[in-house]
Each structure stands twice: as structure tokens, then as C-alpha cells.
Amino acid sequence: MADADRRTIEAGTPGEVLMERAGSAVAFAVRRLLGGTYGRRAVVFCGGGNNGGDGVVAARLLRAWGVRAEVVMLGGGAGSAGWETAAHRADIAVDAMFGTGFRGRLEGEAQRISESLRERGFPTVAVDIPSGVAGPTGEVDGEAVTAAVTVTFAAYKPGVLFEPGRSHAGRVELVDIGIPVVVDHDPGGPSHPDGAGGGAAVAGPGAVTVTRCGVTEAADVARWLPSRAPAAHKWSAGGVFVVGGSDGMAGAPLLASRAALRAGAGIVHCGLPGHEAAARASGGEVISRPLPARGGALDAAATGIVVGSLGRFGALVLGPGLGLAESTRTAVRRTAAEAGVPLVLDADGLNGLEGDLTPLRSRAHPTVLTPHDEEYRRLTGRAVGPDRLEAARDLAARSGAVVLLKGPATVVAAPDGRAAVNPTGGPVLASAGTGDVLSGVVGALLARGVAAFEAAAGAAFLHGAAGQAIGTGLTAGDLVRALPRTISGLEADSPET
């Protein structure tokens, strides 16, 4: 963003103009949060950089509207007031102390101000990013401002998308102040940061190309979803083969299978270890198939049967509930290497690789990996760490697969460096089986002909949106049932519909 600022100014837009636009956007956010101006008081905490300049502009505009706005400069100086007195009188605060370039931890006066704002509990509007939050990662070392609203400029910053910065940011308002930022991705990829759909961004004078990352939006997903042909039948609509299950874990592959059907697959077969498990799972829309078993777990001999059965299927989902028996791990590695269709590796499909990415690199068809943090650690031998974008990109580059790194603000990364951050979902999805549902949705989109990167990003968005629509107390089965309504809502809102 510093580079984007500089290029915009070099192209002829004065820095003072950008500051006026930013400060104006902040002032309007304060006004909306206050619900009026007459008799209201605001305290604006300003640092010495551009972030502080935005705060000074916001204070001037608020005064013009009738708000009694006091400016407190860090370290004192002209226009300062004792910050404790100013905060005591205020109805609202503006945090303009530090911007996206902040590193380290808040100290001294800035730390005390942040603590006071949190203790008093009155609403705070943060300028670009809450002070104390690291812009590239969302890390917080010690104290950080907790805002009700964060007004961010030109593009989303990772710090307001990833925890704990996401929780500190409150509601994020993205504002265009005339800094042209273009995401370097193929048309149809994740959306331009200013909210325009993928491929809609046009580079103007001074535009800067940022690392190939966007925030997935509903319009993106609606565009990616394919429509069924008038003469479609169950196989042309997309067939998914799900392989999973072990003693006591047959529910996981069945959840993935039902999710694939609800996400638009025309037919789904679910391969389970042993005739008894397959018989118990039969009787519904999902076609259960027995696979060779050893002691209740998938036997290595299952590979030949699964691979030989994939001729009419559009995708294979491998892993939900498989367990980690030695015969199963062997089956996972062989099947991953030999499957001649797009592959989703989830749960014990990932664990079964035991850190060996060789079976993935040799594949001629797309692969999507769906690890959560612990599965990522088992697969790579190291923790995800604070930079989730970098972690996902690294695994994608080393495996040759699209990586869907689950968590708060799920990241999807492709081997070529493209990445998408998912804005839907959150802690409401912390329920057993929801990951199995996600793998089924990815499999359905792959089977329907959606490219691997878009299938993963679209599935993450749909999965999270369905969860948000249900709310607290959802079960994985609720999530499966909510998928058609979520997808239909996107299709109805699509301008192409």
C-alpha cells in the first residue's frame, strides 16, 4: 500500500488530496456510529504519519458538522489535550495512531490509550487498521485497539482479515480514495479489492499491481457456478466418488457424499471398507459401495477397485474418517498417485501421506488439499505460523496442488501464487463434521467442471455462507441441508441469471 500511495502521488494525485478523502471517509463513519452530531464529543488520537494526518482531517470535518472533536497527538504538540481528560468527556474515539506499517508492540502512551479505550468500552473507529495489529498477518503482540468499525482504504489488509486482528477490527468498511490497486490474477479469479468482480479492474495512471490475492465475493462465486444443460442427466451433471470411513467413522464420508449431492453433483458413490459398513449406509440417494477391508479399515487392495471405477466420475474425495491403519495409508498414497480424475484430499487422506508429497507432484489431474492447522503440521512438519497466506502458498508450490487452509478467514492458494481469502464462516462452523461437508462441496464443484482454484474458493465461500445463515448451534447435517438454499440465493442474485 505504501508503494500504491507513492505511485498514485507520482501520477499526479497530491498526497493532501488522498488524505482529505481518507479523513472524510473516517468522519462519515464516526457520524454514522454516533447517530448524529449535535452535542456529541469525539477524541481523535493521532500519530505522526499519514494515519495521524487522516485523523486530523476527520476531526476538522467533525467540528464543521457540530461535533466537539479534540485531537490528541502522541507525544504532545500543537493542538493536543490531556488524553485522559479528553477521553473522559468523549462519546466516541478515533484511533489514528499507527497504520498498516506498524510492527512490534504498542508501548508507552499508545499502550495506555489503547488500554483506556478498552476499559471505558465506548465505540472506536480505527483508521485503516487498529493500532497494535500487524498489517501483513493480523498478529497482536500485547495490547491493540479494539474498534467497532475500521475504515480501510483501497484494498483489504490481511491484518483485518486474519485473527486476532479480525476481532480487533470490528466491522470493516472498504473505501475507494482514488488509489488504483490491481490484483494480478486471471479474469474470473478472486475479486478486485475495491469490490469489482474478477477481471473488471482496469489499471489507470499510477496503478500498482499487488501480490495475486483477493477476497472472494458472492459475485465471484455466482460467476463460477456452472448451469446445467437442458438435456443434462445424472452423469453429465457431475459424478463424485467419495472414499472414506473406518470402524465407527462411516458418518464422515456420508456427510461428504450428501454435501456433494446438495452442491449440485448428479450422482455420488460412497466407498466404505467392508460389506457390513456399506450395507448399513445404503438406502438413500447416496450409492454405497463395499471396498476391501482389513480389521475394519480400508485395505491397500481397494486402490485398484477405486481407480478402475473412476471412468464416469468427475472427481474423487479421499479421506473423511479413513483412520490411519498401515493398509489404509498405503491405499491413500497409491490412490492419490493413480486416480485419473480431479482429487480432493481431506482429513486422513492428508495424514495418510505422512509428509510425502511425491504422489501429488506426479498427478496429471488437479488436486485440492483441505488441511486445518494440525493436518498442515502433520503434512509439512511445521506449524502454519502467523502468516497464513505464506503458509498456504508454500504448501501449494511444494505439492503442485491447490491448498484450502481452513481456519478463521480460510485461505485458498494455487501453485502459481494466486491466493484468495474467504470472508464467510467463522466460529459458528466449529462443529464436528463440517470439514467433511466442505470436502464434499469442493468435490461437487470439481465434478461440475469448475477449475480447482475456483472450486476451492467457491466451496469455502458457500460453506461459510450456509453456516452463517444457520447460526449458533448448527450441526453438519444442518449445513448440508442449507447448501441448496445458499447456492440458489447466489444464482438468483447473479447479473447473468
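The listed residues are Ala444, Ala456, and the only one of them that is buried (at least 24 other Cβ atoms within 10 Å of the Cβ) and either under 13 Å from Leu404 (Cβ atoms) or touching a Phe, Trp or Tyr at 6+ places or on another chain (Cβ under 9 Å) (or both) turns out to be Ala456.
Only residues that are touching a strand residue (DSSP E or B) at 6+ places or on another chain (Cβ under 8 Å), over 30 Å from Thr328 (Cβ atoms) and basic (Lys, Arg) were counted across region 210-258, and they come to 1.
The condition of being among the polar types (S, T, N, Q) and free of Cβ contacts under 8 Å to residues at least 12 places away in the same chain holds for Thr85. Going by the structure shown, is Val450 touching a Pro at 6+ places or on another chain (Cβ under 9 Å) and assigned by TED's automatic domain parsing to the domain that holds Ala476? Yes: the conditions hold for Val450.
When each of Gly443, Gly407 is tested for being of a type in the set (Gly, Ala, Ser) and assigned to a helix (DSSP H, G or I), the lone residue that passes is Gly443.
From the set of residues in region 90-132 that are charged (D, E, K, R) and within 24 Å of the chain's Cα centre (by Cα), which is nearest to Tyr156 (Cα to Cα)? Give the derivation first.
The initial filter retains those residues of region 90-132 that are charged (D, E, K, R), namely 91, 95, 103, 105, 107, 109, 112, 115, 118-120, 128.
Then keep just the ones that are within 24 Å of the chain's Cα centre (by Cα); that gives 103, 128.
Working: Arg103: 18, Asp128: 9 Å.
Checked region 90-132; the qualifying residue nearest to Tyr156 (Cα to Cα) is Asp128.
What's the total number of residues in region 1-36 that are modelled with pLDDT under 90 and hydroxyl-bearing (Ser, Thr, Tyr)? Final tally of qualifying residues: 2. Entry remark, region 221-249: residues being surrounded by 24 or more Cβ atoms within 10 Å (Cβ to Cβ), outside any helix (DSSP H, G or I) and within 24 Å of the chain's Cα centre (by Cα) number 0 in total.
Counting only helices (runs of 4 or more DSSP H) that fall entirely inside region 73-184 and contain at least 3 residues that are outside the structural domain of Pro408 (by TED's automatic domain parsing) and surrounded by fewer than 23 Cβ atoms within 10 Å (Cβ to Cβ), the qualifying elements are 83-89, 108-120. Would you call Arg60 assigned to a helix (DSSP H, G or I), basic (Lys, Arg) and farther than 22 Å from Ala154 by Cα? The answer is yes for Arg60.
Asp54: assigned to a helix (DSSP H, G or I) and loosely packed, with under 14 Cβ neighbours inside 10 Å, yes or no?
Working: assigned to a helix (DSSP H, G or I): yes; loosely packed, with under 14 Cβ neighbours inside 10 Å: no.
The answer is no for Asp54.
Considering the conditions (1) in a helix (DSSP H, G or I); (2) surrounded by fewer than 24 Cβ atoms within 10 Å (Cβ to Cβ), Ala432 is excluded by exactly one of them, (1). Filtered by the rule that a residue be closer than 22 Å to Val133 by Cα, in a helix (DSSP H, G or I) and either in contact (Cβ under 8 Å) with a residue 12 or more places away in the chain or outside the structural domain of Leu357 (by TED's automatic domain parsing) (or both), region 374-398 gives Arg388, Leu389, Ala391, Ala392.
The values are calculated or read from the model by the stated rules, or taken from the named source; none is laboratory data. If you're wondering where the values come from, they're calculated on a predicted model, not measured in any experiment. Using ideal geometry, Cβ is built from the backbone for each residue, glycine included, and neighbour counts are taken over all protein chains shown.
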